[in-house]
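One structure below.
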Amino acid sequence: MVRPRPILNQIPKQNAVDFRTVESKKAGATDLLVKNRILRKKRSKEYMGLLSKLDMGQQMLSQEEVSRVITDLQKEFPEVVLSGILLGYVAKCYLGAPYEVHILDYSLEIIEHMKKGQPLPDEMEKARGLVWQGNYAFVEVYTDCCRAVSQSGDVSVIPC
């Protein structure tokens, strides 16, 4: 018995291309480029003012005040979802000894003043040196990089 031969050569499954996957990968790459372009833009005066108020002589802000600050910070980038990519902010602390830096942990919604030598949570330690060696108002710590923001609002992206 002779088996019929296919008229067209069939592509083996392992070499087949799922074009839906290719399109979603392209869309993901485009989304990443757009997100990076948005996060690289100069920060507004309002945004800069919000972060400078975190160190105005108060050691503790109420949870309601911290939540309000985070909500206002999100208004700077309405087109970007920051949760999951933004870890927090690190800035010089001007409360005096023994405090060195303060942090705003974005995911936990807490502001904490850190003493000299006290380790910073998660991956935020990489920003401590940037805060002290550069002329930066603060450093935004992301999962893939740090964005050091000058007093004028200009942004420098530092790979981590």
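The values are calculated or read from the model by the stated rules, or taken from the named source; none is laboratory data. All values reported here derive from a predicted model rather than from experimental measurement. Positions of Cβ are generated from backbone atoms using ideal geometry, with glycine treated the same way; all protein chains shown enter the neighbour counts. Ligands, DNA and RNA are stripped out before the accessible areas are found, and what is left, the full protein with its side chains, is counted by its heavy atoms. Shrake-Rupley method; radii C 1.70, N 1.55, O 1.52, S 1.80 Å.
At-a-glance table
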{"read-out": "Leading residue by the ranking (modelled with the lowest pLDDT) among those in the range 35-57 that are open to solvent by 40 Å² or more (accessible area, probe 1.4 Å) and in contact with a strand residue (DSSP E or B) (Cβ under 9 Å, 6 or more places away or on another chain)", "value": "S52"}
{"read-out": "Flag if L104 is open to solvent by 60 Å² or more (accessible area, probe 1.4 Å), of a type in the set (A, V, I, L, M, F, W, C) and free of Cβ contacts under 8 Å to residues at least 60 places away in the same chain", "value": "no"}
{"read-out": "Test: V90 is under 16 Å from V155 (Cβ atoms), surrounded by 18 or more Cβ atoms within 10 Å (Cβ to Cβ) and under 18 Å from the mean Cα position of the chain (by Cα)", "value": "yes"}
{"read-out": "Residue tally, condition touching a residue at least 40 places away in the same chain (Cβ under 8 Å) and either touching a Pro at 6+ places or on another chain (Cβ under 8 Å) or loosely packed, with under 13 Cβ neighbours inside 10 Å (or both), over the range 123-150", "value": "3"}
